[in-house]
Amino acid sequence: AKMHFLSVMSHEIRTPLNAIIGLSNLVKNEDVPEQLKENVNLIHFSSNNLFSIVNDILDWSKIDSGKMALERISMDIYKLVSSLSSSTRLLCEKKNIVFNTQIDPELPRWVKSDVTRLTQILNNLLHNAVKFTREGEVSLIVEYETIKENWGRISFEVKDTGIGMTEEQQEKIFDVFQQADSDITRRFGGSGLGLAISKNLVNLMDSELRVHSEAGKGSTFNFDLDLEITEERENADEIDSSEVLKGKRILIVDDNHVNLVVAENFMKRWGVEYESVLSGQEAIDRIAEKAFDLILMDLSMPEMDGYEATEEIRRRGHVSIPIIALTASALIKNRGKVFASGMNDFESKPFKPVSLYNKLVRHLR
Ligand code: ADP
């Protein structure tokens, strides 16, 4: 019941958030009058914040109910460290603290792990390190040691010279909704979910998240992962694509008018010739009249949902047109169902523009 409640609520919260994040992102990149700029940036920042809280709660509920599943696919660890470093460096610059990255020269490039979850853990540790440090430095240190052929131990360490914690405080910070001190929320914000999630994710990766800290001196968080080294380069193709979407005809199917406006705005920006319809039935009718290169299909719609509409479209002989599911529910219960109904891919709402863009390019190229 708890999972169900959370998945319904998150869907309801994510749908309007999709509009707020998507539209503020668009406005941000337009010529906004100077006096509105800060407000638009704040709307964008706050809605992203809210989005990450909703995601944290969902993640926690997945972990809590034993439904968190990890991937083990080939990932580029240098790319991970470099993108974490550039975002952390920006945060540090704003606070005038130094940021260091140290990478073991022996560190291999391709390993098998769950890049999304690993990013999430390290992001959480780095954000905390910056958040709780007023002066001095934050470091990300990655060490490597070969264990046996094709297997290595990678140690991640995030170190800061911030406020630190007493022994007693260190004992409770990995629990849900726990912060070191009762006035932390007032002083620094935060919900106390991050470390509970990170600790459990690290456990799911068969390791342990450890902390060493001294009040007033700083903190160090670290964990080791035993990972398979690989030569495979899945996910490695960066898409360069400036022209691929121009003039492509995309049909957008969504019963929510605001979501349509968000998607349409991005289509305009990318030079796509789009049409929008508000129901599965209308989509089926429109495709019968006119050729499209791709369909963006909302999943939950009244009367005929996205799965049924897709099945019907495929049944009517439109077998090769790519259909991408767009869905606000973070917990697609059954990813298999998306593909079984005949869809080719899915993207969750609020979508990251880059992510949707790359998917469109991949299917339209
Ligand atoms: P949040 O940061 O949202 O409060 P977390 O679960 O990420 O939640 O962290 C829990 C608590 O652990 C924080 O509120 C803070 O009291 C303490 N903490 C985490 N990282 C650090 C750090 N690098 N330095 C000092 N205290 C920290």
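The values are calculated or read from the model by the stated rules, or taken from the named source; none is laboratory data. On a predicted model such as this, the values are computed, not experimentally measured, just so you know. Positions of Cβ are backbone-derived with ideal geometry, glycine not excepted, and every protein chain shown enters the neighbour counts. For the accessible areas, the whole protein counts, side chains as well, though only heavy atoms, and no ligand, DNA or RNA atoms are used. Shrake-Rupley method; radii C 1.70, N 1.55, O 1.52, S 1.80 Å.
Looking across segment 90-140, the residues that are surrounded by fewer than 16 Cβ atoms within 10 Å (Cβ to Cβ) and among the charged types (D, E, K, R) come down to GLU93, LYS94, LYS95, ASP104, GLU106, ARG109, ARG134, GLU135.
The set of residues in segment 181-194 being within 27 Å of the chain's Cα centre (by Cα) and in a loop (DSSP other than H, G, I, E, B) consists of GLY189, GLY190, SER191, GLY192, LEU193.
Taking the numbered list (1) within 16 Å of the ligand (Cβ to nearest atom); (2) charged (D, E, K, R); (3) open to solvent by less than 40 Å² (accessible area, probe 1.4 Å) in turn, GLU214 passes all entries but (3).
Consider segment 198-211. How many of its residues are open to solvent by 20 Å² or more (accessible area, probe 1.4 Å) and either hydrophobic (A, V, I, L, M, F, W, C) or in contact (Cβ under 8 Å) with a residue 24 or more places away in the chain (or both)? Qualifying residue count, segment 198-211: 5. Just checking, does segment 70-78 include any residue being over 14 Å from ARG117 (Cβ atoms), in a helix (DSSP H, G or I) and open to solvent by 60 Å² or more (accessible area, probe 1.4 Å)? Yes, there is a match, as at least one residue in segment 70-78 is over 14 Å from ARG117 (Cβ atoms), in a helix (DSSP H, G or I) and open to solvent by 60 Å² or more (accessible area, probe 1.4 Å). On the given criteria, is SER74 farther than 23 Å from HIS212 by Cβ and in contact (Cβ under 8 Å) with a residue 12 or more places away in the chain? Spelling it out, SER74 is indeed farther than 23 Å from HIS212 by Cβ and in contact (Cβ under 8 Å) with a residue 12 or more places away in the chain. Taken over segment 183-197, the criterion of being touching a residue at least 12 places away in the same chain (Cβ under 8 Å) and either more than 11 Å from the ligand (Cβ to nearest atom) or farther than 14 Å from ILE53 by Cα (or both) is satisfied by PHE188 alone. Provide a single number: the residues in segment 212-226 that are free of Cβ contacts under 8 Å to residues at least 24 places away in the same chain and within 22 Å of the chain's Cα centre (by Cα). Looking only at that region, the number is 0. Every condition in (1) within 10 Å of the ligand (Cβ to nearest atom); (2) of a type outside the set (Asp, Glu); (3) within 22 Å of LEU80 (Cβ to Cβ); (4) open to solvent by 30 Å² or more (accessible area, probe 1.4 Å) is met by GLN178 except one, and the failing one is (3).
Looking only at segment 269-302, residues that are in contact with a Lys or Arg (Cβ under 6 Å, 6 or more places away or on another chain) and closer than 18 Å to HIS363 by Cα come to 5 in all. Candidates ASP76, ASP64, ASP59: the one that is touching a helix residue (DSSP H, G or I) at 6+ places or on another chain (Cβ under 6 Å) and at pLDDT 85 or above is ASP59. Being in contact (Cβ under 8 Å) with a residue 24 or more places away in the chain, within 12 Å of the ligand (Cβ to nearest atom) and touching a helix residue (DSSP H, G or I) at 6+ places or on another chain (Cβ under 9 Å) is a description that applies to VAL138.
For (1) at pLDDT 95 or above; (2) over 30 Å from LYS112 (Cβ atoms); (3) of a type in the set (Asp, Glu); (4) in contact with a helix residue (DSSP H, G or I) (Cβ under 7 Å, 6 or more places away or on another chain), each residue gets a yes or a no:
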site	(1), (2), (3), (4)
ASP175	no, yes, yes, yes
SER182	no, yes, no, no
LEU193	no, no, no, yes
LYS199	yes, no, no, no
VAL211	yes, no, no, yes
GLY218	yes, yes, no, no
ASN235	no, no, no, no
LYS248	no, yes, no, yes
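In segment 162-175, which residue that is within 8 Å of the ligand (Cβ to nearest atom) and not in a helix (DSSP H, G or I) is most open to solvent (accessible area, probe 1.4 Å)? Across segment 162-175, the extreme among qualifying residues is ILE163. What about LEU91, is it at pLDDT 95 or above and part of a helix (DSSP H, G or I)? The answer is no for LEU91. Is there a residue in segment 144-161 that is closer than 30 Å to GLU228 by Cβ, in contact with an Asp or Glu (Cβ under 7 Å, 6 or more places away or on another chain), surrounded by 15 or more Cβ atoms within 10 Å (Cβ to Cβ) and basic (Lys, Arg)? No, segment 144-161 contains no residue that is closer than 30 Å to GLU228 by Cβ, in contact with an Asp or Glu (Cβ under 7 Å, 6 or more places away or on another chain), surrounded by 15 or more Cβ atoms within 10 Å (Cβ to Cβ) and basic (Lys, Arg). In segment 33-44, is there at least one residue being assigned to a helix (DSSP H, G or I) and closer than 22 Å to SER348 by Cα? Yes; the residues of segment 33-44 include at least one that is assigned to a helix (DSSP H, G or I) and closer than 22 Å to SER348 by Cα.
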